[in-house]
Amino acid sequence: MPRNRLSLAIALALLATPALSACGTSTASDAKEVTVYSADGLKGENGDGWYDKVFADFTRQTGIKVKYVEGGSGEMVQRAVREKSNPQADVLVTLPPFIQEADAKGLLQKYEVKDADQVSGADKAVDGSWISVVDNYFGFVYNKKELKQAPKTWEELLDAKYKNKLQYSTPGVAGDGTAVLIKAIHDFGGKEQALAYLKKLQANNVGPSASTGKLAPKVDKGELLAANGDVQMNYAQAKTMPNLGIWFPADKDGKPSTFALPYAAGLVTRAPHSENGKKLLDFMLAQKQQQEVSSIGGGFSARQDVKATDANAVALTRIMEGVDFFEPDWNDIDKNLTSYVEDWKSATGS
C-alpha cells in the first residue's frame, strides 16, 4: 500500500475508536461491575446488613462486582450533580425528598424495574425514574440505660438534662436530618412554629452531623441521650447496641406519629454500566431479596405481596403499634426544600 494511503488508513482507524466506545462496545461499558451511591443504613457494621447479603448474592449469580459508596442522602445527590457531565455511579439510593430532587435535576433515567407492579403507587415515580427498594419510617433513638423511659414529646428535649446530650443530623445534607424538619413542621402546625422550637432546641444540640448512622453508637455509649434516626437502621443497629431504644415524638394531638421514609433507588442518567445497574435494581426488588428485608435488614419490604413473618418482622410490628402515620406534601417539600433549609440555618445559626 502506498505510504500516503497507509497513513490515511491508520488515521481513519484511530478516529473510529471513540465511535466504537460511544456505541457501548468499550471495555468500560462491558465491565463486570456496577457502582452504587447510597444513603447509609442498609449496609451492616459487621458485613451482616441487607446490602451485604444482596450484593454478595448478586455477584455470585451474575459475576458483576458491586462498588459501594455511602453518605448522607443529600451528600450523595450533590456528588452525583458534580459528576453529571461524567457520571461515575450506576444506581442512586436515597431517602425522600432527595430522590425527587435527583429526578428533578435530571440525574435519573426512566427504567421499569421488573415486578414494579408489586410496589404501591406512593412508593414509586409515575414515570419509572425511581422506586422504593426498602420501606422505612422516621424515628428517634434514646439511651435505655440512662433514661428510665423514652421521651414522649418534643418539649421534653428542651430539658436541661439534654444539654450537649442531644444531636440530630443536618437538614439538607442527611435524609433523616431533613425528616426532623419535616416532622417538626407537621407536629407544630407550620414552618414558623417549627423553626421557633428548633431555635430553642439549639441550646441542647451538640451540633451538625452529615451522617445519621453515626449518631446511634453515641447514644448507645451514653455520649448522647437522644438523636434522630429511622426505624430500619436503628432496629438493625440495636442488635449490637443494647442500650438503643426507638421512639416517636407526639404530634400536636398528643399521639406518637411518623411518616414513611423509604430507601428509593433509581438508574443514573448516562450510567457507565447501565445494563448492570438495571440488573441490580431488578435483583434488589426480586421476591427472595425482598423477603430478606426484615429477616436480615430489619426493615420493611417494598413489595405488597411479601408478607414477612420472621422474628424481626414481628418485633417491627410491635414497635409501630399505636403510632399514627401522616403523608408529607412531597411536591411542596421538593419545590421549597432549599428555602426551608436556609430558614432553618437562619433560625438555628447553623
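Sort 328-335, 315-322 for me by packing, meaning the mean count of neighbouring Cβ atoms within 10 Å per residue, highest on top.
Details: 328-335: 14.6, 315-322: 12.8.
Most protected by this proxy first, the peptides run 328-335, 315-322.
Let me check the size of the stretch 224-287 from its C-alpha atoms; what are the radius of gyration and Dmax in Å?
Taking only Cα atoms of the stretch 224-287, I get Rg and Dmax of 17.7, 50 Å.
Quick one: net charge around Gln304, please, counting Lys, Arg +1 and Asp, Glu -1 for every other residue with C-beta under 14 Å from its C-beta. Working shown, then result.
Numbers: positive: Lys124, Arg303, Lys307; negative: Asp115, Asp117, Asp123, Asp135, Asp305.
Local charge sum for Gln304: -2.
Over the chain, what is the relative contact order in percent, taking alpha-carbon pairs closer than 8 angstrom and at least six residues apart? Walk me through the numbers before you get to the answer.
Values: 654 pairs, mean separation 85.5, N = 350.
So the answer I get is 24 percent.
Using only Cα atoms, locate the centre of the stretch 65-82 and the centre of the stretch 207-265, then give the distance between them in Å, rounded to an integer.
Their Cα centres are 22 Å away from one another.
I need the P(r) histogram for the stretch 81-126: all alpha carbon pairs, bin width 10 Å from 0 out to the longest distance, whole percents.
21, 56, 21, 3
With charges set only on the Cβ (+1 for Lys and Arg, -1 for Asp and Glu), what does the dipole of the chain come to about its Cα centre, in debye to the nearest 20?
1020 debye
Using every alpha carbon pair in the stretch 244-350, what percent of pairs falls into each 10 Å bin from 0 up to the bin containing the largest distance?
Once binned at 10 Å, the Cα pair distances of the stretch 244-350 give 11, 26, 33, 24, 6.
List, in the order given, every pair from Lys65/Lys105; Lys148/Lys221; Lys110/Lys307 whose Cα-Cα distance in the structure shown is over 21 Å.
Lys65/Lys105; Lys110/Lys307
Quick one: angle between helix 274-284 and the longest Cα principal axis of the chain, in degrees between 0 and 90, rounded to 10, please.
40 degrees
To the nearest 20 debye, what charge dipole does the stretch 222-350 have about its Cα centre, counting +1 at the Cβ of each Lys and Arg and -1 at the Cβ of each Asp and Glu?
460 debye
For a quick check of your reading of the filter: which trypsin sites (Lys or Arg not before Pro) in the stretch 197-306 sit in a DSSP loop and have no more than 15 other Cβ atoms within 10 Å?
Numbers: sites: Lys199, Lys200, Lys214, Lys218, Lys221, Lys239, Lys252, Arg270, Lys278, Lys279, Lys288, Arg303; in loops: Lys239, Lys252, Arg270.
Counting only loop positions with at most 15 other Cβ atoms within 10 Å, the trypsin sites (Lys or Arg not before Pro) in the stretch 197-306 are Lys239, Lys252, Arg270.
Give me the net charge for the shell around Pro87: Cβ to Cβ below 12 angstrom, other residues only, Lys and Arg +1, Asp and Glu -1. List each step's numbers first, then the result.
Values: positive: Arg79, Arg82, Lys84, Arg270; negative: Glu83, Asp90.
Charge balance near Pro87 sits at +2.
Work through the residues other than Asn136 whose Cβ is under 10 Å from its Cβ and net out their charges, Lys, Arg +1 and Asp, Glu -1.
Spelling it out: positives minus negatives among the neighbours equals -3.
Among Lys183, Lys345, which comes first, then next, by fewest other beta-carbon atoms within 10 Å?
Lys345, Lys183
Output the antiparallel fraction of DSSP beta bridges having both residues in the chain, as a percent to the nearest 5.
Looking only at bridges with both residues in the chain, the antiparallel portion is about 60 percent.
Taking the beta-carbon count within 10 Å as an exposure proxy, list Leu195, Leu285 from fewest neighbours to most.
Taking fewest neighbouring Cβ atoms as first place, the list is Leu195, Leu285.
Order these by the 10 Å Cβ neighbour count, fewest first: Ser339, Ser38, Ser73.
Going from least to most buried by this count: Ser339, Ser38, Ser73.
Nearest 10 degrees, 0 to 90: what angle lies between the long axis of helix 311-320 and the longest principal axis of the chain (Cα atoms)?
Once rounded, the angle reads 50 degrees.
Read the figures in this text as sums done on the coordinates, not as results from a lab. Nothing here was measured: the structure is a model prediction, and the numbers come from that model. Because the Cβ atoms are built from the backbone with ideal geometry, glycine has one as well, and the counts that use them run over all protein chains shown.
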